[in-house]
Amino acid sequence: MAIILNHTIVPARNKEVAARQFAQLFGLLYNGVGEHSVPVKVNDTLTFLFQDDTNFESHHYAFHVSDAEFDAILQRVKEAGLVYGSAPWSADDKRLNDWGGGRGVYFKVSDSHLLELMTVPQ
């Protein structure tokens, strides 16, 4: 049996706002607040559980996506007015990278988490 990550907790200043933003950017369903967290199903095996917190550091979440998903998510990032860039150290240069022969981009969401999209896994 392969080891599969089932869920992870994503700290947020406002779990509902953060979950809505993530779901909207990634084109995922937002189904509302759960018992202790706001779940957003990323795919068949992974759920992000957004939980309120006031003391947390920025996390990095990297997603391997298809070219079509990349284009759609990046368009929503731009429409939301979020800054984006080609690397973790230049997440605001409005450029893409071509690491591994694909396309990649980084952007920060409202809770300062750094999200990464890549069309070729690293």
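Rounded to the nearest 10 Å², what accessible area does Leu29 show when all protein chains are kept and the probe is 1.4 Å?
Accessible area, nearest 10 Å²: 130 Å².
Out of the stretch 74-119, which trypsin sites (Lys or Arg not before Pro) are coil in DSSP terms and have no more than 13 other C-beta atoms within 10 Å?
Those that pass, being in a loop and sparsely packed, are Lys94, Arg95.
Charges at C-beta only: +1 for Lys and Arg, -1 for Asp and Glu. How large is the resulting dipole of the chain about its Cα centre, in Debye rounded to 20?
160
Note the full-extension length gain between Glu35 and Asp52 as 0.36 nm times their separation in residues minus their Cα-Cα distance, in nm to one decimal.
The span from Glu35 to Asp52 would gain 4.9 nm if fully extended.
Run the accessible area of the chain with a 1.4 Å probe and give the carbon-and-sulfur part as a rounded percent.
Reported share for carbon and sulfur atoms: 51 percent.
Using 0.36 nm times the number of residues separating Tyr61 and Ser90, minus their current alpha carbon distance, what extension gain do you get?
That works out to 8.8 nm of additional length.
Would you calculate the separation in nanometres between label points at Arg76 and Arg20, each defined as 7 Å from the Cα along the Cα-to-beta-carbon direction?
1.4
With runs of 4+ DSSP H residues as the only contributors, calculate the mean residue ellipticity of the chain at 222 nm using -39,500 (n - 2.57) per run, divided by the residue total and rounded to the nearest 500.
-6500 deg cm²/dmol
Restricting to Cα atoms and excluding each atom paired with itself, what does the Kirkwood estimate give for the chain in Å?
After inverting the mean inverse Cα-Cα distance, the result is 14.9 Å.
For Gln122 and Arg13, FRET efficiency with R0 = 35 Å and r from the beta-carbon atoms, rounded to 0.05?
Once rounded, the FRET efficiency stands at 0.75.
Which value, in Å² and to the nearest 10, is the accessible area of Lys41 when all protein chains are kept and the probe is 1.4 Å?
Its heavy atoms expose roughly 120 Å² to the probe.
Can you list the GluC sites (Glu not before Pro) in the stretch 36-92 that are in a DSSP coil and have 14 or fewer other beta carbons within 10 angstrom?
Glu57
How high is the relative contact order of the chain, given as a whole-number percent (alpha carbon pairs under 8 Å, six or more residues apart)?
Relative contact order, the chain: 23 percent.
Let me know the Kirkwood hydrodynamic radius for the stretch 10-80, please, with Cα pairs as the basis and the value in Å to one decimal.
About 12.9 Å for the stretch 10-80.
The values are calculated or read from the model by the stated rules, or taken from the named source; none is laboratory data. As the structure is a computational prediction, the values presented were derived from the model and not from experiment. A quick note on method: Cβ atoms are made from the backbone with ideal geometry, for glycine too, and the neighbour counts reach across all protein chains shown. Just the protein is used for accessible areas: all its heavy atoms, side chains included, with ligands, DNA and RNA removed. Shrake-Rupley method; radii C 1.70, N 1.55, O 1.52, S 1.80 Å.
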